[in-house]
Amino acid sequence: MLLSPNQESVFQRRWPAVNDVVHRFLNMEHVPQAEWVKLFEDVYQIISWEDSCHEKMFLCLNDSIKSAILKSQQRVMQSEDETSLLKAYNHEWTLFSEKSENLPNPFAPLDNFLGVKHKQSGPSKRKLKYSAVRKLMMDIWDVTVFEGIRQKLEDSAMKLVQDEREGSMINSSLVIGVRESCVCLSASSSTKQWSYVDHFEAAYIKSMANYYKPRTTQYINQHGIRAYLQYARTKLAEEEARARLYLDSGPNFKSVESVMETCVEVFVVSFRDEILGEFQKLLEEDAREYLKLTHELIRHVKGCEGETNPLLPILEEYIWNTGSIELNDNAEVISKDASKYVSTLMDLYNRFSSVIDECFQNEFSFLTIRDKAYQRLVNDTTIFSITMPDSTRSTTKRPESRCPTLLAAYSDMLLRKSPMSRRLSQEEILSRLKNVLLVLKYVNSKDLFLESHKAHLMRRLILETSADTEMEGTMVEKLREAGMPAELVNRLARMFTDIKVSHDLTRDFQETPALSSVTSLIITPDASPSPGPLVSLKILSCGTWLPRDLPRVSVALPPELEDYIPQIEKFYKAKHQGRQLIWQYHLCHGILAYYPPNQPADETTNVVLPIELEVTILQIAVLLAWRYRDITHKLRLDDLATATAMADSELRRTIWSLAERLKMEQQIILYSPPAQSEKDFTTETEFWINPEFGVVRSSRAPNRRRINLIGRLQLSQSGCDVDSADVVRFRQLRLQEAVVRLMKSRKRLAYSEMYQQVIGLLKNQFIPSKRMLKEVIEWLMERRYLERDSKEIDTFFYVT
């Protein structure tokens, strides 16, 4: 704008009024609203009409602001003690802070000429920190007032906070005021001579650390580490609340986090060894409140989150040691009672789970370590183990846990007609079966469980001793839901279908005229048979129930049964063309009526009542060796072998089942000399029927008219529930399938990586050995499924 020599500029004409309003505003004098509104107009007119006035305006503002701040400084410096200094400074700062928020508003147009960029949009309060006038005010306050007394203010504020820690009541607003001025000056001042973080925050943290370091050591020495856990948690909570009150908790600074890191260093890290050392004792004593405190303290430590928590390895060893000791202490009972084994495992699982839930809030890392330790415990071979071949070609055997077979035995106790199943309700049985499935989840050799469970199921279905057919089906479905191999579970399901078809065949056969020639087998003093239809057929599919290549057991059948077999075969071939029946005599069973010699007649009926013996066909063959002899006639092992046509091992096992039946006061067969097992029988050992077996004394009726001598129906010629060779063959087939599927997708793999991935594929069935994997690789290489890399001998690739 061009002016004549005698003409006043807009700045000269309007600034005196502007400067007067500014002076009165800064000195807390009354400014009418009309003058305040006119201030906006005057400033805008000056800046709009004179391009060069903004520098003069800024210099004049600097003088006015500095004059007002010098007066505030004089009032502050009149204070004599620390408390008065804090009060005076906070009073002056509060007034000045209000001025710094309002004065920049009329001078907002000045920012554009000074090159200030408003980085944020919205109300003027959000732009306030970028105002040149506000920065000017903060710079002058910083240099004139704050810098000279900063150290005194910090010391005084820290002294008040320390007094509060010691229990004194303080005026917290004094500390808050100093902090607010520090934060505001640190963010708005352009002098950059100091910062809130490096001075006030650092002083606060240092004061806190110096205060607690000697006191924590003293507290532990006086009260012990357990009392210290509660003390540390209380102090951590107090200091966090204090930090949120006295330090800035906004997004620009991380004061609270910094304070808590130092607190953790002082209260936890400094005594980490003592805390961890006590943690083991707390677990052993089940001191859950202290365990919870320990967890709360340790998880504050940086780098101790998740899997890096130092409590985890201690907890894992505790679970392992506690479980091992408890199982070892009850090993003698558990090895004979599967229910005790499962109940012990479930007690351990529930106990550990309760501790993790109550003390560690079911954190994933603690649940994982529980599962890891529990799996280690379930698959341990030091107490309960069986031996399995390492592979089909190897003679080396490796131990495996007996847990799968014990779980299957316990399931059998729940599912068959037994004292336990009769005592429990259906809901209780289902609950215990769920416990079996829970433990089974941690078992490595799940295929062993399925094979053993199948063996027990065969016994229950063949002997018709299932307590509840519906519960049997539920168990199979639960196994399917638990992720058991579908092929094995389907095989179990087909067994129920086979039994239903077999029942239909039995009904049809009993309706045929051929049945009239069937007689029952009864051992009497004169060995005379008594007629009566007592036949039940079990015609089952061989591949589902037994291996197809299982050899036939040799035994001399009673004439009545031997003559009866052709009629059954004729009946079956008439219904099914092209099918062949393979008789498995070792699975047959029946009932013999035994009349003890010199047995008096019953007083009420005047009839001699027999004792019904539930026996296998092999036991029948042995007992019928005395059919045409006196029962006290002594026979030797070779005599019985000739009479029964049984193999030596089968004969010994069968005799032992009749001569050493557990939980029976009287045995039906006696022998001499005594033996510890069937292997101790020699060619000189003599056997005879016990004449006292089942004799009624003093005209008292016997408690039971039927005695079960079968016990556990023998399913294989080896006498074992699970044929280890069959299990190994099954594993090898599964391993071949897994390797081919893996290599087909990956094309090329190193041996170590292949082994890890194969374990991942088969972990729900079994954990293959490295020897077995090597044999499978060799087998696949021979059949051109795989080839070895010529340059890297441990690497293989798939042959398409």
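Any read-out appearing in this document is the output of simple, stated calculations on the displayed coordinates, not a laboratory observation. Predicted model only: the values in this text are computed from it and were never measured. As a convention, Cβ positions derive from the backbone with ideal geometry for all residues, glycine included, and neighbour counts pool all protein chains shown.
A few points about this structure:
- Estimated from the Cβ-Cβ distance and a Förster radius of 51 angstrom, the FRET efficiency linking Arg165 and Asn362 is about 0.90.
- Positive-end residue of Ser48, Gly277, Ile383, charge dipole of the chain with Cβ unit charges: Ile383
- Qualifying GluC sites (Glu not before Pro) in the stretch 280-310, DSSP loop, other Cβ atoms within 10 Å at most 15: Glu305
- The long axis of helix 272-285 is offset from the longest Cα principal axis of the chain by roughly 40 degrees.
- With R₀ set to 45 Å, the beta-carbon distance separating Lys441 from Ile582 gives a calculated FRET efficiency near 0.75.
- Candidate values (i) 45; (ii) 55; (iii) 28, label of the one derived for percent of Cα pairs over 46 Å apart: (ii)
- Whichever aspartates and glutamates have a C-alpha closer than 12 Å to that of Lys135, once near sequence neighbours (fewer than 8 apart) are set aside: Glu101, Asp111
- Alpha-carbon centroid distance for the pair the stretch 353-416 / the stretch 23-47, whole angstrom: 85 Å
- DSSP-assigned coil residues among trypsin sites (Lys or Arg not before Pro) in the stretch 739-800, each with at most 13 further Cβ atoms within 10 Å: Lys747, Lys763, Arg783, Arg784, Lys791
- Length available on full extension from Thr683 to His199: 0.36 nm per residue minus the Cα-Cα distance, which gives 164.2 nm.
- Think of it as helices only: each DSSP H run of n ≥ 4 in the chain is worth -39500 (n - 2.57), and spread over all residues that comes to -19000 deg cm²/dmol at 222 nm.
- Distant-in-sequence amide H partners of Glu400 (H built 1.01 Å from N, under 5 Å): Ile386, Thr387, Met388
- Estimated dipole of the stretch 10-148 in Debye, rounded to 20 [Cβ of Lys and Arg +1, of Asp and Glu -1, Cα centre]: 500 debye
- Only Lys, Arg (+1) and Asp, Glu (-1) charged, at Cβ; the chain dipole about Cα centre in debye: 1780 debye
- Principal semi-axes in Å for the stretch 152-281 [√(5λ), Cα gyration tensor, largest first]: 31, 16, 11
- Each part gets one Cα centre, and for the stretch 659-674 versus the stretch 297-313 those centres are 62 Å apart.
- Centroid-to-centroid, using Cα positions, the stretch 162-229 and the stretch 675-695 are 90 Å apart.
- Listed by Cβ neighbour count within 10 Å, with the fewest neighbours leading, Ile689, Ile777 appear as Ile777, Ile689.
- Least to most buried among Ser421, Ser790 (fewest other Cβ within 10 Å first): Ser790, Ser421
- The stretch 724-798 - Rg (one decimal) and Dmax (whole number), Cα, Å: 11.8, 38
- Relative contact order of the chain, pairs being alpha-carbon contacts under 8 Å that are 6 or more residues apart, as %: 7 percent
- GluC sites (Glu not before Pro) restricted to DSSP loop in the stretch 163-240 with at most 13 other C-beta within 10 Å: Glu166
- Take 220-233, 423-436 and order them by the average number of nearby Cβ atoms within 10 Å per residue, most first; the result is 220-233, 423-436.
- Extension gain, Ser67 back to Lys397 (0.36 nm per residue minus Cα-Cα distance, nm): 109.1 nm
- Gain on full extension, evaluated as 0.36 nm per residue between Lys573 and Lys340 minus their Cα-Cα distance, stands at 79.0 nm.
- As a length-normalised measure over Cα pairs under 8 Å and 6 or more apart, the relative contact order of the stretch 313-494 settles at 19 percent.
- Förster radius 25 Å - calculated FRET efficiency between Glu692 and Asp648, Cβ distance, rounded to 0.05: 0.30
- Cross-link check: pairs Lys340/Lys478; Lys397/Lys500; Lys281/Lys434; Lys336/Lys454 evaluated at a Cα-Cα cut-off of 28 Å; pairs beyond the cut-off: Lys397/Lys500; Lys281/Lys434.
- Residues Glu278, Glu470, Glu41, arranged from fewest to most other Cβ atoms within 10 angstrom of their Cβ, appear as Glu470, Glu41, Glu278.
- Cβ charges +1 (Lys, Arg) and -1 (Asp, Glu), total dipole of the stretch 203-304, debye: 260 debye
- Pairs beyond 28 Å (Cα-Cα), from Lys770/Lys791; Lys99/Lys206; Lys71/Lys206: Lys99/Lys206; Lys71/Lys206
- Where labels lie 7 Å past Cα in the beta-carbon direction, separation of Asp20 and Ser48 in nm: 2.3 nm
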